[in-house]
1. So Lys97 clears everything in (1) closer than 22 Å to Ile253 by Cα; (2) outside any helix (DSSP H, G or I) except one condition, right? Which one?
2. Applying the selection to the stretch 304-329, what residues are hydrophobic (A, V, I, L, M, F, W, C) and farther than 15 Å from Ala385 by Cα?
3. Scan the stretch 326-343 for residues that are touching a residue at least 24 places away in the same chain (Cβ under 8 Å) and on the phi > 0 side of the Ramachandran plot and jot them down.
4. Between a residue in the stretch 63-88 that is part of a helix (DSSP H, G or I) and any residue that is modelled with pLDDT of 95 or more and β-branched (Val, Ile, Thr), which pairs come within a Cβ distance under 7 Å, given they are 6 or more apart or on different chains?
5. Quick one: Glu146 ticks every box in (1) out of contact with any Cys (no Cβ under 7 Å at 6 or more places or on another chain); (2) buried (at least 17 other Cβ atoms within 10 Å of the Cβ); (3) farther than 22 Å from Glu193 by Cβ bar one, so which box is it?
6. Out of the stretch 2-52, which residues are among the acidic types (Asp, Glu) and in contact (Cβ under 8 Å) with a residue 40 or more places away in the chain?
7. Take the residues of the stretch 344-395 that are outside any helix (DSSP H, G or I) and among the polar types (S, T, N, Q): which is farthest from Asn177 (Cα to Cα)?
Amino acid sequence: MYDFDEVIERRGTRCVKFDALEERFGRSDLLPLWVADMDFRTPDFILDALRRRLEHPVLGYPCTGDDYFEIVSRWVEDLHGWKVPASCFRYVPGIVKGLGFAERCFLQSGDEVVIQKPVYHPFRIVTEESGFTVVNNPLRPLYDAEGFLTGYEMDLEDLERKIGPRTRMLILCNPHNPGGATFPAETLRRLAEICDRHGLIVLSDEIHAEMVHGGVRHVPFASVSEEAARCSITFMAPSKTFNIAGVVSSYAIVQDRALADRFFKYLESNETDYPPIFSAEATRAAYTPQGRAWREEMLAYVQGNIDFVDAWLRGHLPQIRAVRPQASFLVWLDCRKLGLSQPELVDLFVNRAHLALNDGTVFGPEGEGFMRLNVGCPRSVLQKALEALAAAVWS
């Protein structure tokens, strides 16, 4: 059994979540529930693997070894039922960097990239900063009888209308961030058919694939059809699941030979396709039966945190509703019934409740009235945060 209730002091460790508060929010006296890493102790079996490597006095150039991507491939198959040869895998130094590499590899100036807002904001940033044009195919919101958001679905008719002669690529967030949706296989098949027919490459960010809840099974985009496999590059990583975001350990999966040859050659020519020493060691330690057991305990605790936030808000702060995620430790808060403008909403959280969450409009204008809450922390921290929020709302 692992102790996820342990409160670990992270201030002063040069971590973004705690030590960049002044820079990002203008004050340091905030309870940070924003950046998407968890406050749980990184598993001992990973730390032990890193310590063992440090016992050797030389930290020279590493090689992955013949079995590295065999290990990763087996993990993906065991977890998702997706069997892909190890030859289809390559290391990338971070998923956002991988997206940028793929754009630069396949696109030309003036080409268009579709994203589906509200969505993880680096999709827009990396595309625009690379000189390409963003086309928004917004997700369709779903509401309950009270008017609260319950989730999102794709608007594929809108996508068809917006694909033009310079549209070359679509970035998919699967599972979705910030909404937490895991898209059904039939939706992904329809998306694949549209993208393949129009010649779009799909970059599928699946970093939260290992963090599904409530019996839900993640469906990798590339696994749903021949069209999907033919037109896509998938990005995954152990970093969210095992709380090792600082040890960059992402990888790309490309099944189509023509896409793979071009993209892998690009990565190789820029010397970005070999994992550093600690990335490889951490991934090997994570993708084991011990890692699988830790993951199950962690997910059970995070699910308990989601349940706690949902119940607490319904009982004490009914103007705010949690959109229950099917994956990840990120909870999208529907705050629209507070009747505040977005600047007033941010002020409520930051300056009155002294909480650091992500402003919903960072993910696009569709995020107005929302805030993103990170529940990957001890439950006592969540309770303290919710009580502070309620006191600020009712004061």
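The values are calculated or read from the model by the stated rules, or taken from the named source; none is laboratory data. Quick caveat: nothing in here was measured; it's all calculated off a predicted structure. Note that we place each Cβ from the backbone using ideal geometry, even for glycine, and neighbour counts take in every protein chain shown.
1. Among (1) closer than 22 Å to Ile253 by Cα; (2) outside any helix (DSSP H, G or I), Lys97 violates only (2).
2. Narrowing the stretch 304-329 to residues hydrophobic (A, V, I, L, M, F, W, C): 306, 308-309, 311-313, 317, 320, 322-323, 327, 329.
Of everything in the stretch 304-329, those that are hydrophobic (A, V, I, L, M, F, W, C) and farther than 15 Å from Ala385 by Cα turn out to be Val323, Ala327, Phe329.
3. Ser328
4. As it stands, the answer is Val72/Thr283; Ser73/Val84; Val76/Val84; Cys88/Ile253; Cys88/Val254, since those pairs meet every condition given.
5. Just one mismatch for Glu146, condition (2).
6. Matches in the stretch 2-52: Asp5, Glu6, Asp29, Asp37, Asp39, Asp48.
7. Step one: list which residues in the stretch 344-395 are outside any helix (DSSP H, G or I), which gives 353-359, 364, 368-378, 395.
Still in the running and among the polar types (S, T, N, Q): 358, 374, 395.
Numbers: Asn358: 12, Asn374: 12, Ser395: 32 Å.
That would be Ser395.
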